[in-house]
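Read through the structure below, which is laid out as structure tokens, and then see the notes.
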Amino acid sequence: MFEVIDSELKKANSSLGEFREVVKRLLADQAIYRKQSNKEAERYDQFIRLQVLIQEYLGVLGFRVVHHEQHQYVVCYPPGSDIPGVYNDDIEQNHYQRKLRRNEKIVLIVARYLFEETLREGQLSDDGTAFVDIEKFNHTFAMVAKQTLDKESERDELLRFLRGLRVIEYKDASDPDALIGFRSNILCFSMESVVQQVREELGIDGEEEEEFQPGTSGNLSLAMTDDEGAR
């Protein structure tokens, strides 16, 4: 295996250290987003040079690396993941498995909804980010979840979850005037399947009128969205 890696690294004019750095980043942080920082941009460019090798190497371990070229966004999904936007492989479950909790599903819906709403209003920033104040985020979450986040720590945990996926940016969420920036790469996740799961968990039937109608794409099998398929 090492000989194959070494051969491919030479073809890509790259080093084992660069390969290890990108793999380590994907396993530790799950996502690489080029616009996150200069360091992240460097890691993304390294991934581009080594994409096939990294995808094959992690694929042997049961991970699925998805590259959303349009958004310059890479996500590494552990075996058994049910992150929206990627189908759930029928792989033997192990300690890497990552299942979404109810509120994590809801906050993904909220993130996409707020981005699309700001997009429709033509209020995106110059770099395509939708900035929303923390109060509106709290209100939208409560509307979808039919409950409020009673503890600030609960909200902060969900924001860290989104930031870990590189789909939001913010500084101090405890500031009542804080703004949360929702990035366009939230569109990489197909929401229709997770919306259905949340509807079932909240006991909403198909005939009940809802105030909240997030834009959806893809299908009910957690498939990639048509315009953001795996590269």
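The values are calculated or read from the model by the stated rules, or taken from the named source; none is laboratory data. Here the structure is a predicted model, which means the values were calculated and not measured. Because the Cβ atoms are built from the backbone with ideal geometry, glycine has one as well, and the counts that use them run over all protein chains shown.
Looking at region 66-81 only, could you name the residues that are surrounded by 21 or more Cβ atoms within 10 Å (Cβ to Cβ) and over 17 Å from Gln36 (Cβ atoms)?
Tyr77, Ser81
Specify the residue that is surrounded by the fewest Cβ atoms within 10 Å (Cβ to Cβ); the eligible residues are those in region 108-148 that are over 19 Å from the mean Cα position of the chain (by Cα) and basic (Lys, Arg).
In this case the residue turns out to be Arg120.
Whether any residue in region 99-107 is closer than 30 Å to Val4 by Cα, crowded, with 17+ Cβ neighbours inside 10 Å, at pLDDT below 90 and among the basic types (Lys, Arg) is what I want to check.
no
Please list, ordered by first then second residue, the pairs with beta carbon atoms under 7 Å, 6 or more apart or interchain, first in region 115-129 and aliphatic (A, V, I, L, M), second outside any helix (DSSP H, G or I).
Hits for this filter: Leu119/Ala130; Leu124/Ala130.
Provide a single number: the residues in region 149-164 that are surrounded by 13 or more Cβ atoms within 10 Å (Cβ to Cβ) and at pLDDT below 90.
So the answer is 1.
What about Ile32, is it over 17 Å from Arg163 (Cα atoms) and either within 20 Å of the chain's Cα centre (by Cα) or assigned to a helix (DSSP H, G or I) (or both)?
Values: over 17 Å from Arg163 (Cα atoms): no; either within 20 Å of the chain's Cα centre (by Cα) or assigned to a helix (DSSP H, G or I) (or both): yes.
So Ile32 fails the test.
Taking only region 22-45 into account, find how many residues are buried (at least 16 other Cβ atoms within 10 Å of the Cβ) and either of a type outside the set (S, T, N, Q) or at pLDDT 95 or above (or both).
The number of residues fulfilling the criteria is 13.
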